[in-house]
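The values are calculated or read from the model by the stated rules, or taken from the named source; none is laboratory data. Please read all numbers here as calculations on a predicted model, not as lab measurements. Counting neighbours? That spans all protein chains shown, and the Cβs are built from the backbone with ideal geometry, glycine included. Ligands, DNA and RNA are excluded from the accessible area calculation, which covers all protein heavy atoms including side chains. Shrake-Rupley method; radii C 1.70, N 1.55, O 1.52, S 1.80 Å.
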Amino acid sequence: MQKEFPRIKNFIDGEFVEPVGGKYLDNIEPATGKPYSKVADSGKEDVDLAVAAAEAAFADWSKMPAAERSKILLRIADLIERDLEKLSRAESIDTGKPLSLARSLDIPRASSNFRFFATAILHTENEAHVTDGVAFNYTLRQPRGIAGLISPWNLPLYLLSWKIAPAIAVGNTAIAKPSELTPMTAYLLCEICAEAGLPNGVLNVVHGTGPNVGAAVTAHPKIGTISFTGGTVTGRKVAEACAPLFKKVSLELGGKNPNIIFADADLDAAIAGSVRSSFANQGQVCLCGSRVFVERSVYKTFVDRFIDKASELKLGDPLDEKTEQGAIVSKAQLDKVKFYVDLAKKEGGVTALGGKAPDPINERCCDGYFFPPTVITDLPVSCRTNREEIFGPVVTITPFDNEEEVIGYANDTDYGLASSVWTQNLNRAHRVAERISTGTVWVNCWLVRDLRVPFGGMKASGVGREGGEEALRFFTEPKNVCIAK
Ligand code: TXE
């Protein structure tokens with residue numbers, strides 16, 4: 001008798017509903033490699049139902065005073081905080097990340113995303129211009145209609161809330177498509193939104209695969225705004241689908257981020273910060289510093305101390321409070337990590353730490369997707385391992401001799417998402433930050449996030465910026481009204 005798993009249904013028009021086709025996908029727990037729930041395997045018909053609900057809800061929601069919308073979003077933030085433990089555990093089971101990380105990063109950030117945009121809409125400013133005595137111009141920023149929000153598996157609730165909050169705060173209605181690999185916290189968020197009194201149809205969540213549901217969202221003529229976060233390959237497909245329909249699109253894509261340590265850096269801070277930026281969430285954060293460049297005079301010291309510190313990271317059952325390195329999100333992603341570790345060896349790299357699957361963690365996790373923190377040295381700078389996104393616990397460390405050389409190395413990639421620079425020389429910090437082609441440059445820190453600043457990538461890391469004012473502008477349409485004097 002097959003065990004009955006909990007079913008993650010779609011959330012449409014304020015109700016949890018079965019997918020029209022009645023099909024479900026197994027939802028696998030990465031730590032065990034076994035299914036623990038089922039997720040709706042939806043299609044175009046389900047997206048059509050969601051569009052009808054979003055369309056019906058738009059008139060009232062977009063006309064509701066911002067202060068009223070703000071109260072509902074603040075209630076959502078409060079309920080996320082109330083359910084911190086439940087959401088953290090769900091996120092950890094669904095993604096394989098350590099429970100401690102879900103509790104300290106993902107869930108608190110989801111709450112702060114709602115809280116931030118709930119208050120930001122109370123203080124927005126609009127432009128006005130007096131045109132040389134003949135006319136008065138003012139800009140109306142209006143909600144655009146239905147927003148399609150597509151998110152990845154690595155920081156599921158963090159990144160989905162980062163899209164939902166601004167989109168609905170300014171008065172749009174939304175159709176969200178979480179990753180089919182990690183649907184659980186999106187499902188729990190729907191329960192919270194219903195409890196918070198979010199009107200039916202304002203937020204609709206349709207679960208399923210990218211080609212069946214994601215593509216139906218990007219193709220739907222009534223979904224005029226698309227906010228996508230995911231891989232560059234998929235981002236290109238999203239852009240191709242949206243272009244002929246003149247949709248407004250924001251793409252937050254992959255990264256292959258440089259992390260530069262100059263000899264004058266505070267090495268204690270640089271080593272601690274670099275271990276964190278290399279292996280946080282098992283290296284499955286698009287902002288991770290996967291290419292470490294160290295000034296030659298401190299290279300050996302850095303590598304030795306980095307390896308000592310990285311080898312102390314506790315790889316274990318994600319639900320164990322002491323675990324600092326959990327499971328990789330899927331078998332496919334684990335195989336991708338292993339592929340690149342093998343490729344690195346073929347390209348002349350030396351595996352200075354890790355490099356092979358660990359011994360079984362425990363009985364529960366013996367079939368889970370685990371891989372230890374891995375450090376590769378002695379690679380050529382422009383080999384595939386150093387140019388292609390691995391998105392796992394694998395970093396390369398390479399020496400450099402001068403500023404000019406390392407800026408060339410840092411920029412020698414198709415990506416341009418984020419970078420870190422460790423130096424005590426303020427002039428150098430400004431100089432290097434100005435020349436590195438990434439959307440964010442952290443100096444003597446990593447992943448310090450201020451929701452008011454623009455966030456996003458250049459080149460193959462994306463188009464557009466989200467965060468703060470940028471997000472409010474992205475999800476609204478500016479209209480200029482010109483009144484003759
Ligand atoms: O991406 P995918 P993943 C990047 C990260 C890595 C990747 C990992 O660097 O490259 O994303 O996430 C849906 N039409 N970032 O593997 O496959 C799919 O179902 C429409 C960067 O999930 O691109 C999922 O919901 N949608 C980022 C979502 O797209 C489609 C932060 C992403 O899936 C689709 C996080 C299609 N044809 C990860 N095919 C940043 N820059 O902030 C799939 N999807």
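Would you be able to say whether some residue in the range 117-125 is closer than 20 Å to residue 8 by Cβ, part of a helix (DSSP H, G or I) and either in the same structural domain as residue 234 (by TED's automatic domain parsing) or out of contact with any strand residue (DSSP E or B) (no Cβ under 8 Å at 6 or more places or on another chain) (or both)? Working first, answer last.
Here is the first cut: in the range 117-125, the ones closer than 20 Å to residue 8 by Cβ are none.
No, that holds for no residue.
Please pick out the residue among 418, 344, 433, 429 that is under 22 Å from residue 153 (Cβ atoms), of a type outside the set (D, E, K, R) and out of contact with any Cys (no Cβ under 7 Å at 6 or more places or on another chain). Explain how you work it out, then say what you get.
Working: 344 fails: under 22 Å from residue 153 (Cβ atoms); 433 fails: under 22 Å from residue 153 (Cβ atoms); 429 fails: under 22 Å from residue 153 (Cβ atoms).
Checking each option against the conditions leaves just 418.
Here's a check for you: in the range 386-425, which residue that is in a loop (DSSP other than H, G, I, E, B) and away from the ligand (no atom under 16 Å from the Cβ) is farthest from residue 261 (Cα to Cα)?
First pass over the range 386-425, keeping only residues in a loop (DSSP other than H, G, I, E, B): 388-393, 401-402, 412-414, 417, 423-425.
Keeping just the survivors that are away from the ligand (no atom under 16 Å from the Cβ) gives 401-402, 412, 423-425.
Values: 401: 11, 402: 11, 412: 17, 423: 7, 424: 10, 425: 12 Å.
That would be 412.
Considering only residues that are in contact with a strand residue (DSSP E or B) (Cβ under 8 Å, 6 or more places away or on another chain) and among the acidic types (Asp, Glu), look in the range 347-398 and name the one that is surrounded by the fewest Cβ atoms within 10 Å (Cβ to Cβ).
Only one residue fits best here, namely 367.
Conditions: (1) open to solvent by 50 Å² or more (accessible area, probe 1.4 Å); (2) acidic (Asp, Glu); (3) over 27 Å from the mean Cα position of the chain (by Cα). Residue 403 meets all but one. Number of the miss?
It fails just one condition, (1).
Within the range 94-108, is there a residue that is among the polar types (S, T, N, Q), part of a strand (DSSP E or B), exposed (fewer than 14 other Cβ atoms within 10 Å of the Cβ) and at pLDDT 95 or above?
Among the residues of the range 94-108, not one is among the polar types (S, T, N, Q), part of a strand (DSSP E or B), exposed (fewer than 14 other Cβ atoms within 10 Å of the Cβ) and at pLDDT 95 or above, which makes the answer no.
Starting from residues that are basic (Lys, Arg) and in a loop (DSSP other than H, G, I, E, B), keep the ones in the range 1-45 and report whichever is farthest from residue 219 (Cα to Cα).
To start, the set of residues in the range 1-45 that are basic (Lys, Arg) comprises 3, 7, 9, 23, 34, 38, 44.
Narrowing further to those that are in a loop (DSSP other than H, G, I, E, B): 3, 9, 23.
Values: 3: 37, 9: 22, 23: 22 Å.
The selected residue is 3.
Which ones in the range 229-264 are in a strand (DSSP E or B) and more than 10 Å from the ligand (Cβ to nearest atom)? Before the answer, list the steps.
Our first condition is that a residue be in a strand (DSSP E or B); within the range 229-264, this holds for 229, 248-252, 258-261.
If the condition is that a residue be in a strand (DSSP E or B) and more than 10 Å from the ligand (Cβ to nearest atom), then 248, 249, 250, 258, 259, 260, 261 are the ones that fit.
Return the residues of the range 277-329 that are open to solvent by less than 40 Å² (accessible area, probe 1.4 Å), of a type in the set (S, T, N, Q) and assigned to a loop (DSSP other than H, G, I, E, B); say none if nothing qualifies.
Selection gives 284, 290, 323.
Only residues that are more than 13 Å from the ligand (Cβ to nearest atom) and either open to solvent by 40 Å² or more (accessible area, probe 1.4 Å) or in the same structural domain as residue 422 (by TED's automatic domain parsing) (or both): list them for the range 455-480, please.
Residues satisfying the conditions are 469, 470, 473, 477, 478, 479, 480.
Out of all the residues in the range 426-443, which are more than 25 Å from residue 466 (Cβ to Cβ), open to solvent by 60 Å² or more (accessible area, probe 1.4 Å) and either in contact (Cβ under 8 Å) with a residue 24 or more places away in the chain or under 22 Å from the mean Cα position of the chain (by Cα) (or both)?
431
Identify, please: which residue in the range 410-421 is open to solvent by 10 Å² or more (accessible area, probe 1.4 Å) and in contact with a strand residue (DSSP E or B) (Cβ under 7 Å, 6 or more places away or on another chain) and is, among those, nearest to residue 264 (Cα to Cα)?
By that ranking, first place goes to 415.
Okay, residues lined up against (1) among the small types (Gly, Ala, Ser); (2) at pLDDT 95 or above:
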position: 399; (1), (2): no, yes
position: 407; (1), (2): no, yes
position: 410; (1), (2): yes, yes
position: 415; (1), (2): no, yes
position: 436; (1), (2): no, yes
position: 445; (1), (2): no, yes
position: 449; (1), (2): no, no
position: 470; (1), (2): no, no
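Would you pick out the residues in the range 172-195 that are touching a Pro at 6+ places or on another chain (Cβ under 8 Å) and more than 21 Å from residue 79 (Cα to Cα)?
172, 179
Residue by residue, here is whether (1) among the hydrophobic types (A, V, I, L, M, F, W, C); (2) surrounded by 20 or more Cβ atoms within 10 Å (Cβ to Cβ); (3) without any contact (Cβ under 8 Å) to a residue 60 or more places away in the chain holds:
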{"position": "11", "(1), (2), (3)": "yes, yes, no"}
{"position": "14", "(1), (2), (3)": "no, no, no"}
{"position": "20", "(1), (2), (3)": "yes, no, yes"}
{"position": "29", "(1), (2), (3)": "no, yes, no"}
{"position": "36", "(1), (2), (3)": "no, no, yes"}
{"position": "43", "(1), (2), (3)": "no, yes, no"}
{"position": "52", "(1), (2), (3)": "yes, no, yes"}
{"position": "69", "(1), (2), (3)": "no, yes, no"}
{"position": "76", "(1), (2), (3)": "yes, yes, no"}
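Looking at the range 265-274 only, could you name the residues that are in contact (Cβ under 8 Å) with a residue 24 or more places away in the chain and either open to solvent by 10 Å² or more (accessible area, probe 1.4 Å) or within 16 Å of the ligand (Cβ to nearest atom) (or both)? Show your work before the answer.
In the first step, residues of the range 265-274 are kept if they are in contact (Cβ under 8 Å) with a residue 24 or more places away in the chain; the result is 265-267, 269-274.
Selection gives 265, 266, 267, 269, 272, 273.
Inside the range 128-147, can you point out the residues that are open to solvent by less than 60 Å² (accessible area, probe 1.4 Å) and of a type outside the set (A, V, I, L, M, F, W, C)?
131, 133, 137, 139, 143, 145
If I ask for residues that are among the hydroxyl-bearing types (Ser, Thr, Tyr) and more than 21 Å from residue 39 (Cβ to Cβ), which ones from the range 184-234 would you list? Talk me through it step by step, then tell me what you get.
If we filter the range 184-234 for residues that are among the hydroxyl-bearing types (Ser, Thr, Tyr), which is where we start, we get 185, 187, 209, 218, 225, 227, 229, 232, 234.
The answer is 225, 227, 232.
So in the range 279-299, with the set limited to residues that are under 19 Å from residue 354 (Cβ atoms) and away from the ligand (no atom under 16 Å from the Cβ), which one is farthest from the chain's Cα centre (by Cα)? It would help to see each step written out before you state the result.
Our first condition is that a residue be under 19 Å from residue 354 (Cβ atoms); within the range 279-299, this holds for 279-285, 288-292, 294.
After this cut, where a residue has to be away from the ligand (no atom under 16 Å from the Cβ) as well, the list is 292, 294.
On the way: 292: 22, 294: 27 Å.
Among residues in the range 279-299 that are under 19 Å from residue 354 (Cβ atoms) and away from the ligand (no atom under 16 Å from the Cβ), the one farthest from the chain's Cα centre (by Cα) is 294.
Return only the number of the condition from (1) open to solvent by 20 Å² or more (accessible area, probe 1.4 Å); (2) without any contact (Cβ under 8 Å) to a residue 60 or more places away in the chain; (3) on the phi < 0 side of the Ramachandran plot that residue 220 does not satisfy.
The failed condition is (2).
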